[in-house]
1. Just for the range 427-510, what percent of DSSP beta bridges are antiparallel, to the closest 5?
2. Going by how many other beta carbons lie within 10 Å of each one, how would you line up 415, 498, 428, 80, fewest first?
3. How high is the relative contact order of the range 3-129, in percent, counting Cα pairs under 8 Å that sit 6 or more residues apart?
4. Of all beta bridges DSSP finds with both residues in the range 1-148, what is the antiparallel percent, to the nearest 5?
5. Which three lengths, in whole Å and largest first, does the range 415-475 cover when its Cα atoms are put on their principal axes?
6. Cα extents of the range 449-509 along the three principal axes, largest first, in whole Å?
7. As an exercise, use a Förster radius of 45 Å and the Cβ-Cβ distance of residue 169 and residue 2 to find the FRET efficiency, rounded to the nearest 0.05.
8. Per residue of the chain, what 222 nm ellipticity follows from adding -39500 (n - 2.57) for every DSSP H run with n ≥ 4, rounded to the nearest 500?
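Every number in this text was worked out from the coordinates using simple rules, so none of it is lab data. All figures in this text were calculated on a predicted structure; none of them were measured in a lab. With ideal geometry, Cβ positions are generated from the backbone for all residues, glycine too; neighbour counts draw on all protein chains shown.
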C-alpha cells in the first residue's frame with residue numbers, strides 16, 4: 001500500500017478531512033533522517049524543512065524560497081500542490097487559509113511544538129493523534145555517546161547545570177527536550193548518525209542537579225518550566241497543570257554564547273575546513289570528466305584527512321543550473337564538470353569538539369562568463385558590506401542592509417530568496433542568533449555568538465552564487481572563522497571600490 005493511501009485510510013478511519021504531516025520527529029529536529037520523515041514519505045520532497053497538509057482534493061506542500069525549484073522537481077504534481085512561500089510569508093498562516101472554519105485539522109501531537117498548537121487553536125479546531133501511521137521503528141545508538149573533554153567546552157556539565165539550578169527553588173524544575181540543549185548541557189555527543197552530533201534524551205533540571213532520561217514517565221510534583229517552542233504538544237500535555245512557560249530559556253541562551261574554549265576549537269576546526277575546501281578547489285581545477293558526485297565524494301575524503309568525524313550536513317555540490325537551487329543536494333553522477341561550468345559548494349563538518357562548521361564557495365572550471373563575474377562580484381560586495389557592518393546590534397539590521405544593497409543593483413533577473421544567516425553550534429543551524437527579515441532576527445547579538453553570513457543570488461535555469469563565511473561576535477565586532485580566499489578569476493575588480501579591495505585582503509588564505 002502506498003503512503004498516500006495509508007494516510008487517506010487513516011483520515012477516513014478517524015473521520016477527518018484535513019491532516020498535517022510533518023518532516024520532523026518527536027524531538028522536533030531540523031535535519032531529520034528521511035527514514036523518520038513522514039512528509040518525505042508522503043510527497044517525495046527531500047528538503048530539510050517544509051510541511052504537508054492533506055486535504056480532500058490535494059496535498060499541499062509548503063516550502064520557502066530555498067526549496068521552490070527542488071520541490072517542483074521532486075513531487076508528483078498530479079497529487080501534490082507546491083505552495084511557494086515568499087520572503088515574509090509564514091507557512092502557518094498560509095496553512096490556516098487552506099482549512100475551512102467548519103473543519104477539524106488532525107495533528108500528530110509528538111511532532112509539533114506547543115507554540116504552534118496554541119497559535120493554530122486560535123483559528124482552527126484540532127484533533128490530536130499520538131501515533132503517526134507512517135512512522136517506523138528506529139534503533140537507538142546510545143552506546144556511541146561520548147563525553148567531551150572540558151578543553152573543548154570550557155565548562156564541565158556540573159558547572160553548566162549549577163549555573164541554572166542555583167536559580168530554582170525546591171518546588172521548581174526545568175524540562176529540557178531540545179536535543180542540542182541536552183547535548184550541550186551534558187557535554188555529550190553522538191556521531192553515529194549522518195549529519196548530526198546530538199545525543200537522544202531529555203532532562204529535568206532541579207535545585208539538586210539534572211536527571212537525564214529517554215521518555216517522560218515520572219513527572220515530579222513541581223512547578224515545571226518549559227520552552228514552548230521546543231517541547232512537543234504530547235509532552236506538554238503530560239505535564240498538565242504543572243507546566244509553566246519559560247520566558248527565557250537559560251540553556252538556549254548559555255549555549256548561544258560560546259566560551260573561549262569553544263571559540264578556540266571552532267577556529268581550529270575552520271582552519272581544517274578551509275584546507276578541505278581549498279583542496280577540493282584544486283581537485284576541480286586539475287581533473288577532467290569529474291561529476292558533482294565525484295566532487296562530493298572527494299570532499300568528504302578531504303574532510304576526513306583533516307580529522308573530521310563526520311559531515312555537519314549533506315554537502316551541496318551544484319553545477320550551473322543546479323546551483324540556482326539554494327539547497328540542491330543530489331550530487332549527480334551525470335552532471336560532468338566541463339570548461340566554463342560554475343560549481344557551488346556548501347559544506348561543513350564535525351571535528352572532535354562536536355561543533356558544526358559551515359562554508360560556501362563558488363568555483364568555475366576554466367574561464368568564467370561576464371555574467372558569472374558580475375553576479376559573483378555583486379554577491380561578494382554584499383558579503384563585505386554585511387561583514388563590515390559597524391556596531392551591529394542584531395541580525396535584522398544587517399539583513400536589511402544587504403537587501404537594500406541588492407535593490408539598487410541591476411541583477412539580470414537573479415533574486416535573493418532566503419535569510420542572510422543563521423546561528424551555528426551543535427547543529428549547523430541554531431537560534432539565537434538569526435540574520436533575516438523575521439522578528440527572530442531582532443534578538444540582540446551577544447559576545448561569543450556564532451553565525452553565518454551568506455548572501456546569494458539565483459536565477460532558475462541559469463545558475464546561483466552564494467558566498468558564506470561562518471563568523472563570531474566579539475568586542476562588538478564581527479570576525480570570520482573562515483579565511484578561505486575568494487575565486488579571483490570570478491571577481492570583476494572594476495566593480496570593487498578602494499575600501500572593498502582593502503577588506504578583501506583578509507581572505508587570502510588558500
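1. 90 percent
2. 498, 415, 80, 428
3. 25 percent
4. Taking every DSSP beta bridge with both residues in the range 1-148, the antiparallel ones total about 35 percent.
5. 41, 22, 22
6. Sorted largest first, the three principal extents are 41, 27, 19 Å.
7. 0.25
8. On the way: 15 runs with 153 residues, N = 510.
That comes out to -9000 deg cm²/dmol.
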